[in-house]
Every structure is written in C-alpha cells, then in structure tokens.
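To start, the structure itself, in structure tokens.
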Amino acid sequence: MTKLAYLHEPGVLHNLACRYSLNEIYTYTGNILIAVNPFQRLPHLYDVHMMEQYKGATFGELSPHLFAIADSCYRAMINEHGSQSILVSGESGAGKTETTKMLMRYLAFMGGRSGTEGRTVEQQVLESNPVLEAFGNAKTVKNNNSSRFGKFVEIQFDKYGKISGAAVRTYLLERSRVCQVSDPERNYHCFYMLCSAPPEDVKRFKVGDPRSFHYLNQTSCYEVANVDDAREYLETRNAMDIVGISQEEQDAIFRVVAAILHLGNINFSKGKEIDSSRLRDEKSINHLKTVAELLMCDEKLLEDSLCQRVIVTPDGNITKPLDPDSALQSRDALAKTVYSRLFDWIVDKINNSIGQDPDAISIIGVLDIYGFESFKVNSFEQLCINMTNEKLQQHFNQHVFKMEQEEYTRDEIDWSYVEFVDNQDVLDLIEKKPGGIIALLDEACMFPKSTHETFAQKMYQTYKSHKRFSKPKLARTAFTINHYAGDVTYQADYFLDKNKDYVVAEHQALLNSSRCSFVANLFPPLPEESSKQSKFSSIGTRFKQQLQALMETLSTTEPHYIRCVKPNTVLKPGIFENDNVLNQLRCGGVLEAIRISCAGYPTKRTFDEFIDRFGVLAPELVDSSDEKTACAAICDKMGLKGYQIGKTKVFLRAGQMAELDARRAEV
Ligand code: ATP
Ligand code: MG
C-alpha cells in the first residue's frame, strides 16, 4: 500500500478490493497488516509448508501474511531480547480470533521443543483456545462463533527462544447472555454441547433436549451451520485434558453448567404473605431439587436464597420475602454469578497448569479484543468496549507518530511543526477520576435513591460544554459521545444495574456451604467486614483498571498491528462492500494512520529514486550538481513549499508528489 504513489482513501480501498478478488487477503499499509476475512477455508495458506517458507524470510520479501508478522516478532525478540506484542482488532466476525489462533500456531512452531513427549507448554497454549471458546463464545447475528470476552495471551520465552510459560488474561465476559438470548442468537456453546453429550453423560448431568430449558428456548436457534455440538463436547473434554483440567474437575464444571440450565426452569408464583413468592408448581420443585443435587447444596437453603432476603439492621436480622418478580431476578442473578465465576475459574486453572516462567527473557503478547461498536441501541457494554478502543487508538496513534518522527530524526529533517491529534479528551470524558462518566456512574450506584434519569441529568449538567459530549434532542436518558471513529449514542437506562457487581450474601453463603469442594471454592468466604452487607463493587472501574494494566504491559513491548476487515455482512466469500469496508478502515484507525502520515511527509523518496523519476523536469540541474543539491533544485524550480531534504531522502508534503507527476506528464 505504501508503494502506491498516492496514499488516500479511494486508493487504499481499490487496492484492497482488487487483491481480495484474487484471494490475496493480506495487505501491508506501512506498519499495519490488513487482513480481509476470506469466509472460506484456504488451507494451503496456513499449512506447515507455508510456515517453513516464512521462517526467517526477510520481511516484505514474500507476500504479505500474518506469519510474516509473527516471524518478525519472533526474530525481533530473539535479536534484541525485547518483548513484542501483536494487536489484532476489527469488528465482530472480521476474523480476529482465527488470526490470533494462527499467530499462536506460528509462535508455537518457532518456539516449540521438537521431540518432547506428552503435554508441552505450546500444546497447552494452543488447546486453551477451544476450552475458552466453549465457555466464552456464542452464535450471534454477526458471527457464528463470536467471542463474548476480550483476551490477551502472553507467551513467555526462555533464553533459547523456546516457549517456557504463558498467561491468559480475559476481559469483561458478557454475562447477560446466560439468562437472556434472542433470535437468531444462541447462548454459550457449552450448554448445547452438554445437551448433545453421549447418553451416559446426558443422564449423569440430568440434561436433555435444549428445547426444554428456559435459558436456551427463548430463542428458536439451537444449531449452528457446520457445527456438530456432540463432537465439540468430546473435543472440549479432550482439550480440557490437555490444559490440565482433571476428570473430576471437568465433571464438576459440567455439573455447574447443568445446574444453571435447571435453575432457569424454576418459576415463582405469589406466596401466602403479601409480596412473597413460592415455587410455582411441581416442575419448579423438581428443578430446584435437581439444582440442589447438582450443586450439592441444601435444597431449603437454595429455595430461601431465591425467595427471601435477610436485611441486617442494628436490632438484628430481619427476613424479608421477595415478590415473584424479584425472586425471578434473584434466580437470574445467581445464574450469571455462577457462570462468570466458572469462567474465571477455568481461566485461572489454565494459567496455573500451563505455568508462568518467572525467568522468562521476554514475551510475545497477542491481543484479541472486541472492536469499536455502534448499534441502534448502545448500552454500558458498548461504552466499555469503545473505551477500550479509544485507549488502543491512542496507543496506536502515539506509536505511528513516534515511528514517523524517528524516521525524520534519522534523516535529520526539521519536523517541529508536524501536529499530532490526540484523543485524550474523549478518554478523560469517560475515565477521568473524579469527573469522568464512570466516576459519576459509581457515585450514582452508591447513592440509594439514584435512578438512570438522575444519573443522566447529572451527566447533562456536568458535561454541558464538553466538546465530545452531547445530549440528543428530547432525550431523557440518552447521551452521545463523539468517538474517534464517529458519534455513538448510548442509552443510560440499565447503566446502574449493569455496573453493579455484588454477590447477594445469601447466594454466597449457599454456594460456599456446598458439599462439592469445587463449587464451594468458586465462592470463597468473604473477609468479615464485607460479608455483613453486599458491598458495591463497580464493573466499570474494575474494567478500567484491567485496561490500565494491559496498557502498561503493552507499553513495555514493541507493538505490531493487524486490522481484520469483514468484507460483507452476509458472511460469504467473494463479496466486497466498499462503504462497509471504508467504515471499518476508519474505525480501525487505518485512515487515521494515513492521516497522521499525511500531516507530516507522506512521501519519501531516496535521492536516486527521486532523480530517476523527476530528473526530466530539470535535466540541466541533474548533470551539473550532486544528487542532493539536484533534488532540492528540482523542488525549488517546481515551486514546492515546505518539502525537506534529509540525509538520504527527499520528504514531500501531501499532494506534492501528484503535483510533480502532473508536471512530468507535461514534459
Ligand atoms: P468476534 O468479535 O465476534 O469474536 P472475530 O473477529 O473473532 O469476531 P472470527 O471468529 O475470528 O471473528 O471469524 C469469524 C469467522 O470467519 C470464522 O468462524 C471463520 O468462519 C471465518 N474466518 C475468519 N478468518 C478466516 C481465515 N483466515 N480463513 C478462513 N476463514 C476465516
Ligand atoms: Mg472472536
């Protein structure tokens, strides 16, 4: 792409489209690898033969490929002992996770120990993918295998360049999906896998037809094209073996998965007392029994924890019944909490069993995280996701800008007036403490009388004159943020609920008392202080901190960027939708990178190249002086302003190359 004479939007787009039609899905734009999802298997593109070819090849010699990026990372690490990172981004379905897996395969190929028997570290790293996907991926409108969490995999290398450990960090699993799914989406894959397990397991875990479970039958989608849930169950079990999850642990995991399904089938009706509730019917009673059996906890305690709350007062505890609606909410809260603890447990287990290498010389980190989102209705999740993207965008801009500056410095040109546009103001608006949106939200969550409306009013007041914030006309709870990738309007309606992460004390006590140590360990006892009241902890703030830690890790590495692009919304090969792709290039910062480079000197030509091309404009000058002087003389003769002559190259401002070309055409 950078060899194109004119680097601008239509040129970039046209180039990508042409290459895509030839199945050339990878293209470099300066530092960035653009990967367009082929939506068809291209097996030869990723086989061992291909890996052999890219191994040690000079960057840029072979066709653009993600293996080339992985290889240059690996070699940079070996040669300079510096840590590297590969940041993969793109919208849902663009191919981030597939790209990440291929990168990991290449790194395992380079850093694996040949001839080692059994479970090697690199095998464990690779097999962590199917395990995480079983519990963290689901079919959505946009992608049949959509990751509902962000992931940073840190692969550690020893002084011989061999993989010696790894750590997986995950971000913000979508919890609401456990209890709430709509057509044409599905719940997490693991639920369907378990329902399609071999008969003895179906019986053992007391599951059956997915159509019989409320958490699965709110949508009419049960199957995914080309996915065999029965086979996936066995493969997941196998992958769990490899990453070091024991048979007993696996059984416990699937018992918890089954328990969640039964929990969803418990219903309530009005009880005898006012505003109280009881189990609705025989069926609900049976499901409650099954949940208690599967979780190995007390049936009565389970029922109470769903239908009552204990309120702590100075005069002692008071038991307050819950009405059927609140009981239903309590049930769903329990399901979500258990599921997210289960997911975290799996991630921890993978990390413990792969093991960290405290003596690692350096790391290569691979980031697979949700891209910028802007839907018809945007909520708290989108705000967190877009905050992530603002942060990564800032990191990216700073890096691209730094690289440009380094080149200018190397060639000793004056670049003092090249302006750098920053998105710090958007980040401040969202995450500044105090005063940012997340801080206001936390305040609202701690104040018992707040509602989403008072929260919205507070924002309207606070950010009245903020350039990046606006209130849509007639809005009562909606607000718009002007992100680097465009305006997004958020509905504040569920922000308070979604930001609160507390485990109901009764649920905590119930599960901690489980006779199954696995379940009890998912809910370790809280320290004395906080167990008395369900203390508020903020999901937004925790996420912000995780993100901060991630950025700190990234800042110690040399970054490499891969932008995945989804060529069409029908998920079919061969279709390239221009507007759609252009928008993704914009959101992925590709156009911003082009813009940054245009703000400086987008075209650089060595003296040689320059004279080859433009010598005809002033043949008399070329013969009578040295190359450097001749280049300057040509520019002056053509009336160019603001160009620079460095030590080895001519640096042209945006548009000047086109000007010279036009003059050349006249000669
Ligand atoms: P999400 O944000 O929803 O997790 P994603 O960017 O991770 O999306 P993937 O799951 O990686 O998207 O890709 C979606 C689908 O596109 C894959 O399931 C696969 O069918 C296809 N796909 C992506 N990349 C490739 C590739 N390199 N070769 C063949 N098919 C691909
Ligand atoms: Mg994914």
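A few remarks follow.
- Angle between the chain longest axis and helix 96-111 axis [Cα atoms, degrees, rounded to 10]: 80 degrees
- Using the rule -39500 (n - 2.57) for each DSSP H run of four or more residues, divided by the residues of the chain, the 222 nm mean residue ellipticity is -15000 deg cm²/dmol.
- Residue separation of Ser269 and Asp661 scaled by 0.36 nm, minus their Cα-Cα distance, works out to 133.2 nm of gained length.
- Overall, the ratio between the Cα radius of gyration of region 375-516 and 2.2 N^0.38 Å, rounded to two decimals, is 1.41.
- For region 559-667: rounded, prolate or oblate by the Cα gyration tensor [a/c cutoff 1.5]: prolate
- Here the spin labels are modelled as points 7 Å beyond Cα on the Cα-Cβ line, and at Glu299 and Arg586 they lie 6.1 nm apart.
- Modelled label reach - Arg410, point 7 Å along Cα→Cβ, region 643-667 residues with backbone N closer than 17 Å: 645-652
- Region 184-202 versus region 261-339: alpha-carbon centroid distance in Å: 25 Å
- Cα shape, region 309-395, gyration tensor, a/c 1.5 rule: oblate
- Label-point separation in nm, Lys458 to Ile285, each point 7 Å along Cα→Cβ: 4.7 nm
- Where the alpha-carbon atoms of the chain are placed on the principal axes, they occupy 104, 65, 46 Å, in descending order.
- Here the peptides 447-455, 207-215, 378-386 are ranked by packing, the mean other Cβ count within 10 Å, and the order with the highest first is 378-386, 207-215, 447-455.
- Using a cutoff of 8 angstrom between alpha carbon atoms and counting only pairs six or more residues apart, the relative contact order for the chain works out to 18 percent.
- Global form of region 91-187, assessed from the alpha-carbon gyration tensor, a/c cut-off 1.5: prolate
- Pairs of Cα atoms farther than 18 Å apart, region 334-459, %: 74 percent
- Eigenvalues of the alpha-carbon gyration tensor of region 145-190, scaled by 5 and square-rooted, set the equivalent ellipsoid semi-axes at 35, 10, 7 angstrom, largest first.
- In plain terms, the residue of Ile285, Ile430, Ile311 with the fewest other Cβ atoms within 10 Å comes first and the most crowded comes last, giving Ile311, Ile285, Ile430.
- Options Asn137, Ser83, Gln123, ranked by Cα towards positive dipole end of region 1-159, top entry (Cβ charges): Asn137
- Computed on the Cα atoms alone, the convex hull of region 173-253 gives a volume of 108 cubic angstrom per residue.
- Cross-link pairs beyond the 23 Å C-alpha cut-off, checked among Lys139/Lys572; Lys320/Lys458; Lys206/Lys272; Lys349/Lys391; Lys376/Lys566; Lys336/Lys432: Lys320/Lys458; Lys206/Lys272; Lys349/Lys391; Lys336/Lys432
- Cut-off under 5 Å, modelled amide H: who pairs with Lys162 long-range: none
- With a Förster radius of 35 Å applied to the beta-carbon distance between Arg515 and Ala549, the computed FRET efficiency rounds to 0.45.
- Helix axis angle, 452-462 relative to the chain longest principal axis, alpha carbon, degrees: 30 degrees
- Using alpha-carbon coordinates, inclination of helix 229-243 to the longest axis of the chain, degrees: 80 degrees
- Residue order, fewest to most surrounding Cβ atoms within 10 angstrom, among Asp71, Asp201, Asp661: Asp661, Asp201, Asp71
- With a simple spin-label model that places each label point 7 Å from the Cα along the Cα-to-Cβ direction, the separation between Ala57 and Lys142 comes to 3.2 nm.
- Length gained when the stretch Lys376-Ser21 is fully extended (0.36 nm per residue, less Cα-Cα span): 124.7 nm
Since every read-out is calculated from the coordinates, none of them should be taken as a lab result. Remember, it's a predicted structure, so these values are computed and weren't measured experimentally. Note that we place each Cβ from the backbone using ideal geometry, even for glycine, and neighbour counts take in every protein chain shown.
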